[in-house]
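Here is the structure we will look at, set down as structure tokens.
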Amino acid sequence: MSRDWLLYLSDLVESAEKIERLLRGQTFESFRANEAVFDAVLFNLQIIGEAAKKLPEEATRAMPGVDWSRPARLRDLIAHHYFAVDAGIVWDVAANRIPEVRAVAGALLTSLRSKGNPPPSQ
């Protein structure tokens, strides 16, 4: 059974929102020192990367300005080369790139829903 790509887009937005909430009030030092927050951010980055892989070309074309291969590559790095994960890179992505990804993906999701595309069931 294949899953509707709108669900992946919704997953992506939800995980980006979680990352933004997790980072509220954090500095790089507090982020790096808090294993639970660090691991939660890594998990949500993996979800974003996996969801990005599942988006059809029509969806990624509708969200210009984001290189959708980058979240997918980061997901692969976290999953397969976890020993090479650099906290500074994770912080940069989470703090500086994810807000843009959330904004772009969230805008597309909102637009699709306003045009009568309700979120499909899980």
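The values are calculated or read from the model by the stated rules, or taken from the named source; none is laboratory data. Because the structure is a prediction, the values reported are computed rather than measured. So basically every Cβ, Gly included, is an ideal-geometry build from the backbone, and we count neighbours across all protein chains shown.
Scanning region 40-86 for residues that are within 16 Å of LEU9 (Cβ to Cβ) and of a type in the set (Val, Ile, Thr) yields ILE47, ILE48, THR60, VAL66.
VAL66 passes every criterion in (1) loosely packed, with under 15 Cβ neighbours inside 10 Å; (2) aliphatic (A, V, I, L, M); (3) at pLDDT below 95 apart from (1). When restricted to residues that are assigned to a loop (DSSP other than H, G, I, E, B) and aliphatic (A, V, I, L, M), region 13-29 contains 0.
Every test in (1) more than 21 Å from LEU7 (Cα to Cα); (2) in contact with a Lys or Arg (Cβ under 7 Å, 6 or more places away or on another chain) is passed by HIS81 save one, and that test is (2). Evaluated against (1) of a type outside the set (Ser, Thr, Tyr); (2) more than 16 Å from the chain's Cα centre (by Cα); (3) surrounded by fewer than 17 Cβ atoms within 10 Å (Cβ to Cβ), PRO99 falls short on exactly one condition, (2). Within region 25-63, the residues that satisfy the criterion of being surrounded by 15 or more Cβ atoms within 10 Å (Cβ to Cβ) and more than 17 Å from the chain's Cα centre (by Cα) are GLN26, PHE31, ARG32. One residue alone among LEU12, LEU42, LEU6 is touching a residue at least 60 places away in the same chain (Cβ under 8 Å), within 22 Å of ASN96 (Cβ to Cβ) and not basic (Lys, Arg), and that residue is LEU12.
Yes/no per residue for (1) assigned to a helix (DSSP H, G or I); (2) touching a Leu at 6+ places or on another chain (Cβ under 6 Å); (3) on the phi > 0 side of the Ramachandran plot:
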{"position": "PHE31", "(1), (2), (3)": "yes, no, no"}
{"position": "VAL41", "(1), (2), (3)": "yes, yes, no"}
{"position": "ILE48", "(1), (2), (3)": "yes, yes, no"}
{"position": "THR60", "(1), (2), (3)": "yes, no, no"}
{"position": "ASP67", "(1), (2), (3)": "no, no, no"}
{"position": "ALA72", "(1), (2), (3)": "yes, no, no"}
{"position": "PHE83", "(1), (2), (3)": "yes, no, no"}
{"position": "PRO99", "(1), (2), (3)": "yes, no, no"}
{"position": "SER111", "(1), (2), (3)": "yes, no, no"}
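Is region 84-94 home to any residue that is under 13 Å from the mean Cα position of the chain (by Cα), surrounded by 18 or more Cβ atoms within 10 Å (Cβ to Cβ), more than 22 Å from LEU7 (Cα to Cα) and without any contact (Cβ under 8 Å) to a residue 60 or more places away in the chain? Yes.
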